[in-house]
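Asker: Quick one: the structure is below, and I'll ask about it shortly.
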Amino acid sequence: MKEKQTDAAHSGGAVYGAHWADETAAKIIREKGDKALYTCASGITPSGTVHIGNFREIISVDLVVRALRDRGKTVRFIYSWDDYDVFRKVPQNMPKQEELRNFLRFPITMAPDPWGRDESYARHHEVDVETMLPVVGIAPEYLYQAQRYRASMYAAGIRKALEQREHLKTILDKFRDEEHKIQGEWWPISVFCDTCNRDDTDIDGWDGEWGVTYHCNACGHQETVDLRSVKGVKLGWRIDWPMRWDYEKVDFEPAGKDHHAAGGSFDTARFVCKDVYGYDAPVSFRYDFIGIKGSVGKISSSKGEVIDLNDVLKVYTPELVRYLFAGTRPNTEFSISFDLDVIKIYEDYDRLERIAWRVEAAKDEAAYQKARRIYELSQVAAVPDTMPYQIPFRHLCNLLQIADGDIDKTLGTFSDLKPEQRAGLIARCVCAKNWIDNCAPEDFRFKLRATGERAALTDAEATAVRLLREQVVANITQYTDDKPCAEAIYKVAEDAGLDSKALFRAAYQALIGKDQGPRLASFLRSINKDQLMGILAAY
């Protein structure tokens with residue numbers, strides 16, 4: 001029914017170097033030198049639901065942060081909410097579309113929360129992420145850019161960009177063809193109008209020090225503001241990004257493959273960072289896109305087609321979520337499955353766990369070290385002292401359906417479950433139940449018939465089911481594994497004069513009202529004998 005368990009703690013951890021996060025950590029140390037503090041960064045604009053593709057950057061940074069800390073380094077992990085960006089478009093999956101459209105061209109942080117839960121639209125999406133990240137063991141320091149800009153923290157950085165605006169223009173044009181080069185007067189800043197809050201403004205001039213004059217095309221307001229106290233002046237993002245690398249002294253930040261394309265925004269930012277702000281750009285790597293395979297059913301109905309971390313955690317335990325990313329190189333595209341592949345992903349993780357605990361042998365020491373390191377990085381916190389209880393996901397789904405979804409009743413079938421293993425198994429049960437209810441294909445789902453309920457069987461099929469009850473089910477507790485039970489089932493088919501396929505169909509119809517179901521021998525052995533006898537007593 002389950003894999004062999006062990007309490008034996010593994011003798012020694014994995015070698016730090018067996019994983020891509022360790023390779024990246026080594027590169028950071030090599031290129032940035034031996035520092036008292038390393039800063040690793042990530043961030044996003046909370047313009048809508050922060051989907052699971054965005055999460056890939058967050059966890060990629062977390063894995064590198066862990067790799068650095070495992071080498072004894074002190075690391076600051078910052079996550080920037082770019083909530084002072086312009087609210088340009090209302091996502092289709094948002095409620096109160098018309099109300100939100102009234103705030104287009106405002107800072108995102110000034111749009112109201114259409115659900116009424118938080119103080120703003122941006123804050124709602126921030127809270128959704130900040131609430132879920134600790135579940136998977138991620139705890140960055142959050143930086144809110146609206147607060148920082150409004151506090152004039154970047155006044156010096158903005159002034160430097162103004163001083164270097166002609167050079168910045170040259171850098172931005174460096175990778176552009178003639179058609180897309182900047183034309184006419186250009187400023188590296190934009191301004192949110194102090195009267196109407198929109199960014200529909202033009203810069204009229206800069207006094208060479210701290211004064212910037214602008215006018216608003218939307219409401220006609222005009223004024224001169226001081227960069228050291230104004231709230232609404234903001235750098236364009238291709239300048240803002242490298243300015244903050246310098247401000248925070250960022251040593252590592254990955255970016256998506258669109259930003260890392262040759263001549264793309266990362267290349268531009270690298271030059272801006274070095275030439276304008278005098279700071280070497282952080283170490284980086286490119287991460288690829290994530291697809292979704294299978295239907296999430298009712299899980300994400302409130303968000304349309306957008307899948308976020310909370311959706312994934314309904315089907316995968318926190319360790320499995322981390323494993324999906326820790327076990328895949330960032331520059332590899334992959335899909336998160338909600339279909340039958342879920343079963344295989346759980347099987348793959350369980351095998352990794354057995355290898356990490358030396359319950360199952362790896363092909364060689366290098367394979368063991370790789371598996372152990374992926375397993376370590378997949379844990380929410382430290383590797384537990386006791387190996388988690390393993391029950392194959394497919395079998396667990398069958399047991400839950402036999403118990404009509406009752407998790408406590410299902411747990412009662414595991415007599416050797418240790419107290420310290422219980423929470424982990426409950427988490428897996430919850431995920432399995434969610435998957436069955438919301439994602440599993442219909443032919444995977446079943447419900448045992450009630451006692452006295454009879455299937456529409458032929459006389460020959462009814463006779464075969466009766467023989468199955470008398471010759472197999474009556475002796476079900478005597479079978480120590482599935483093989484002798486299966487042999488007894490085939491003997492019933494022979495005695496009843498039916499081919500095995502016809503017997504299986506009759507048995508499944510009698511038990512669950514379907515032509516197919518779980519492997520019959522294992523299925524019969526998983527159901528309480530008295531309950532089985534009661535269901536089949538109608539024949």
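Asker: Of all residues in the range 404-415, which are under 14 Å from residue 445 (Cβ atoms) and either over 28 Å from the mean Cα position of the chain (by Cα) or buried (at least 21 other Cβ atoms within 10 Å of the Cβ) (or both)?
Answerer: 404
Asker: If you don't mind, another one. So, in the range 98-155, how many residues would count as being under 28 Å from the mean Cα position of the chain (by Cα) and at positive phi?
Answerer: Of the residues in the range 98-155, 2 are under 28 Å from the mean Cα position of the chain (by Cα) and at positive phi.
Asker: Could you figure out which of (1) closer than 28 Å to residue 23 by Cα; (2) part of a helix (DSSP H, G or I); (3) out of contact with any Ser or Thr (no Cβ under 6 Å at 6 or more places or on another chain) isn't true of residue 342?
Answerer: Condition (1) is where residue 342 drops out.
Asker: Count, please, the residues in the range 433-451 that happen to be surrounded by 18 or more Cβ atoms within 10 Å (Cβ to Cβ) and part of a helix (DSSP H, G or I).
Answerer: 6
Asker: I want to confirm something. Restricting to the range 459-478 and keeping residues that are touching a residue at least 24 places away in the same chain (Cβ under 8 Å) and polar (S, T, N, Q), which single residue is surrounded by the fewest Cβ atoms within 10 Å (Cβ to Cβ)?
Answerer: This residue is 477.
Asker: Can I ask one more? Please find, within the range 356-374, the residue that is farthest from residue 321 (Cα to Cα) out of those that are surrounded by 20 or more Cβ atoms within 10 Å (Cβ to Cβ) and touching a Phe, Trp or Tyr at 6+ places or on another chain (Cβ under 8 Å).
Answerer: For the range 356-374, the residue satisfying everything is 356.
Asker: I've got another one for you. From the list 143, 133, which residue is closer than 30 Å to residue 377 by Cα, in contact (Cβ under 8 Å) with a residue 24 or more places away in the chain and touching a Ser or Thr at 6+ places or on another chain (Cβ under 7 Å)? Lay out the reasoning, then the answer.
Answerer: Details: 133 fails: touching a Ser or Thr at 6+ places or on another chain (Cβ under 7 Å).
Selected residue: 143, the only one of 143, 133 that is closer than 30 Å to residue 377 by Cα, in contact (Cβ under 8 Å) with a residue 24 or more places away in the chain and touching a Ser or Thr at 6+ places or on another chain (Cβ under 7 Å).
Asker: Any residue at all in the range 317-329 that is among the aromatic types (Phe, Trp, Tyr), over 17 Å from residue 64 (Cα atoms) and in contact (Cβ under 8 Å) with a residue 40 or more places away in the chain?
Answerer: no
Asker: How many of the residues in the range 48-79 are under 18 Å from residue 309 (Cα atoms) and not in a helix (DSSP H, G or I)?
Answerer: Residues meeting the conditions: 5.
Asker: Which of the residues spanning the range 53-112 are farther than 26 Å from residue 25 by Cα and without any contact (Cβ under 8 Å) to a residue 12 or more places away in the chain?
Answerer: 97, 98, 101, 102
Asker: Same structure, new question: How many residues does the range 330-339 hold that are exposed (fewer than 15 other Cβ atoms within 10 Å of the Cβ) and not acidic (Asp, Glu)?
Answerer: 3
Asker: Would you confirm whether or not the range 164-172 contains a residue that is of a type in the set (Val, Ile, Thr) and without any contact (Cβ under 8 Å) to a residue 40 or more places away in the chain?
Answerer: yes
Asker: Among what's in the range 159-180 and is in a helix (DSSP H, G or I) and of a type in the set (A, V, I, L, M, F, W, C), pick the residue that is surrounded by the most Cβ atoms within 10 Å (Cβ to Cβ).
Answerer: 168
Asker: If residue 127 meets every condition in (1) crowded, with 18+ Cβ neighbours inside 10 Å; (2) closer than 19 Å to residue 310 by Cα; (3) touching an Asp or Glu at 6+ places or on another chain (Cβ under 8 Å) apart from one, which number is that one?
Answerer: (1)
Asker: May I pose another question? Can you pull out the residues in the range 286-326 that are in a loop (DSSP other than H, G, I, E, B), modelled with pLDDT of 95 or more and surrounded by fewer than 21 Cβ atoms within 10 Å (Cβ to Cβ)?
Answerer: 314
Asker: Out of everything in the range 469-528 that is among the acidic types (Asp, Glu) and assigned to a helix (DSSP H, G or I), what residue ends up being farthest from the chain's Cα centre (by Cα)? Full working, then the answer.
Answerer: Residues of the range 469-528 that are among the acidic types (Asp, Glu), as a first pass: 470, 481-482, 487, 494-495, 499, 515.
Filter again for assigned to a helix (DSSP H, G or I), leaving 470, 482, 487, 494-495.
Numbers: 470: 50, 482: 37, 487: 44, 494: 51, 495: 53 Å.
Per the stated criteria, the residue is 495.
Asker: Can you say whether residue 389 is at pLDDT 95 or above, surrounded by 14 or more Cβ atoms within 10 Å (Cβ to Cβ) and not in a loop (DSSP other than H, G, I, E, B), as far as the supplied structure shows?
Answerer: Details: at pLDDT 95 or above: yes; surrounded by 14 or more Cβ atoms within 10 Å (Cβ to Cβ): yes; not in a loop (DSSP other than H, G, I, E, B): no.
No; evaluated as a whole, the condition is false for this residue.
The values are calculated or read from the model by the stated rules, or taken from the named source; none is laboratory data. What you see is a predicted model; the values in this text were computed from it and never measured. Cβ atoms come from the backbone with ideal geometry, glycine included; neighbour counts cover every protein chain shown.
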